[in-house]
1. Just going by the charge dipole of the protein assembly as shown, with Lys and Arg at +1 and Asp and Glu at -1 on Cβ, which of C:42, A:93, A:166 is farthest out on the positive end?
2. Rank B:13, B:40, B:53 by how far each Cα sits towards the positive end of the charge dipole of region B:3-61 (+1 on Lys, Arg Cβ; -1 on Asp, Glu Cβ) and give me just the farthest.
3. Rounded, prolate or oblate: which fits region A:1-123, taking a ≥ b ≥ c as square roots of the Cα gyration tensor eigenvalues, rounded meaning a/c under 1.5, else prolate when a/b beats b/c?
4. Tell me, what does the Kirkwood hydrodynamic radius of region A:176-451 come to in angstroms if you use every pair of distinct C-alpha atoms?
5. Considering only A:398, A:239, A:344, whose Cα is most displaced toward the positive end of the charge dipole of the protein assembly as shown, charges sitting on Cβ of Lys, Arg (+1) and Asp, Glu (-1)?
6. Would you grab the residues whose amide H sits under 5 Å from the one on residue C:49? Only those 5+ places off in sequence or on another chain, please, with H modelled 1.01 Å from N.
7. Determine, for each peptide in C:122-134, A:411-423, A:81-93, the mean count of other beta carbons within 10 angstrom over its residues, then list the peptides with the highest first.
8. Given Cα positions, please report Rg to Rh for chain C, the hydrodynamic radius being the Kirkwood one.
Amino acid sequence: MLTERRFTTILLPDGAAVDELVSIDDRWVAARVMTDPDLYGLELARIFDRVWVFVGHETEIPNPGDFVTRYIGADPVIVARSADGDVHVTLNVCSHRGATVCRVECGNAATFRCPYHAWVYDNTGELLGIFAERDAYGDGLDKGTLSLKRARTTAYHGLIFATWNPDAPSLADHFSTMDFYYRIVFGLTDGGFEVAGPPLRWVENTNWKFAAENLSGDGYHLMNVHKFLDELGLIPGWSDPTMARGVTSVYDRRTGDGLQMAHFFPIDTSDLEAAMVTSTTLFGLTETFVPEIMRRLSADQLAVFAKGISAAGTIFPTLSYTALPWPTGDPAEGFSFMRALRLAQPLGPDRHVVWTWPLLARDLPGEEKERQRRTTLRSFGTAGLVEQDDAEVWSANQRGIAGVQGRQRRFRYDASRPVNPDWPGPGVARTAFPDEDNQLNFWARWLELMTA
Amino acid sequence: MRVRVDRARCRGYGICTSIEPTVFALDDDGYATTDDHTLSPAEVESVRRAAKLCPERAISTDEP
Amino acid sequence: MTTVEPAVRRPLAPTSELGAEVWMWLTDEAELLDRRALRPWLDRLDPQIRYLMPARATVHRADGDGTFSTNHHFDETYGSLTTRVRKLAEATNFAEDPPSRTRRFVTNIRVYAGPGDDVTASSYLLLLRSRGDAANLEVLSCERNDLFRRHDDGLKLLRRDITLDQSTLGLVHLGVLL
């Protein structure tokens, strides 16, 4: 059972207390959390500045000198691979007077020269040289204290996370519960996964949390918002809610992460080897991957995987992912598989940018990778058949709660079933559909960070 | 290998001298100089790096 | 192969027969899409059509124009475009029901004869879109590079490469066609 935690009272300018906006015990969240500019400012300080945030995938910067520019909250960062092969995440703000040092989105460079006064940094953030240094400063500046601000950086199954918080646990510790599932989704194969880039990006006129909390566990909307899948014969039976009764929702109370694993095509696992062939091919791979998967997964993980899974979830706060068998969208091309990373980058209380990368198993043949990439982007990309409807529904949601009455309405999370005691994985698991506990857990973590 | 600094291009960042102080020095105004000696093998690698990192491309070598 | 190279090939005069034919084709197409006459639009596509809009990123001048061939906003075939049309025309579609009000402005049309019996053309597209009662218009601007093949019933679109003028799209969803 989710419970309240001890908290500090933080007041918004009109006297409302932040801890009065969420009730975990009574399973509601005030709509104001999606509209208030002061809460947004608090989120930047209390969430994005303190937790591990996804900034890119290792395969976006494969070679020394490669870099991309990204954001942690509203802070721009450079994500670069240095000459020795390590990944560095640095604040893209010059130590002189705050100019943006790197003004492109990707490239390859050993150094970055600030456009304003030409201070030169290397891609670890070290200040290498200052334009006309002796004329300007004599020998008076200690360049060692003037590096770009460095974030702690760790790659995890190819995903690059960064945090400004020196006291955050290590990423491995942070994911100690959920790694059971993330190994299945992101670390299933010896060769790992690569992203197709550059990321697809588009703006949505909604609060970032609509996307993040939805993907953490809102299976309930799928058969309604995306019912075109059934109507057009792309996934027959999609709009029948009983189809999803095998969905298991799992959340991690500590991190706020939530995911849903569905056995859409349940497989008889009494013959494990045979089941593994079916479940592996259903998860977008081929039979040749079975031996390495069986080596990489524990018996408990295999118990989950062998039944045949689809997965979707959110790594708190903003990185979501989906991996499931999916129609290519072209009846002649038939059925394939989609796997994507999806980031909701906040721009303000009612605006965010979606970033999407198809995520592809590196050791698949090129033609199959291309097929999965097209399958992913046609439904989950900028013009995604699935994405477009979510964007519209959330857009209408945002507009409806903008007023004084609207923001006082409460989002409800009443759907809840008992915990599944037989689930072989960690975290809090419920095999029930629909269930809104994952989303309530997202809010529990949000509240904890916003008030602690 | 021999190395040259183009004084007209140099803008006094001092990156070269911090990488290889045995080859590069800063004059009284803070701009780079080098004497015309043949580099030792130990110096060659760091001179290549200094040439690559000079933002003004003021360092040249006689390597093809 | 559909990239137009103006330095090498001279566009046809707009008053030439072929130039006028393609100008009319593109103008009619914009009206069909704005009016949501999507089946007639599909009829103007070659069954082998490839319809692509690559992702872009902002890069330094020396690194090119930032158009990448490794990820796409659109990567479509006749079959997948048919699915899009069906979703627009007949399926539950929250993004486009109620429909967007769109206005497509097609300009800067250049038409080239060839390769072979095919015809290529480039054009600018400015799409303005209004949704609901919002007082603003969303804007999308792009260039299309098209390859047409002549069928018995006229020119059909065999390939479209769309160069979007943004690296982050400014539309909240892209359910319409360009």
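No lab work stands behind these numbers, since they all come straight from the coordinates. The model shown is predicted, which means the values in this text are computed figures rather than measured ones. FYI the Cβ positions are ideal-geometry reconstructions off the backbone, even for glycines, and counts take in every protein chain you see.
1. So the residue furthest toward the plus end is C:42.
2. Of the options given, the answer is B:53.
3. Prolate, because a/c is 1.5 or more and a/b exceeds b/c.
4. 19.2
5. Result: A:398, furthest along the dipole toward the positive end.
6. Amide H to amide H, under 5 Å and 5 or more residues apart or across chains, residue C:49 pairs with C:78.
7. A:81-93, C:122-134, A:411-423
8. 0.96
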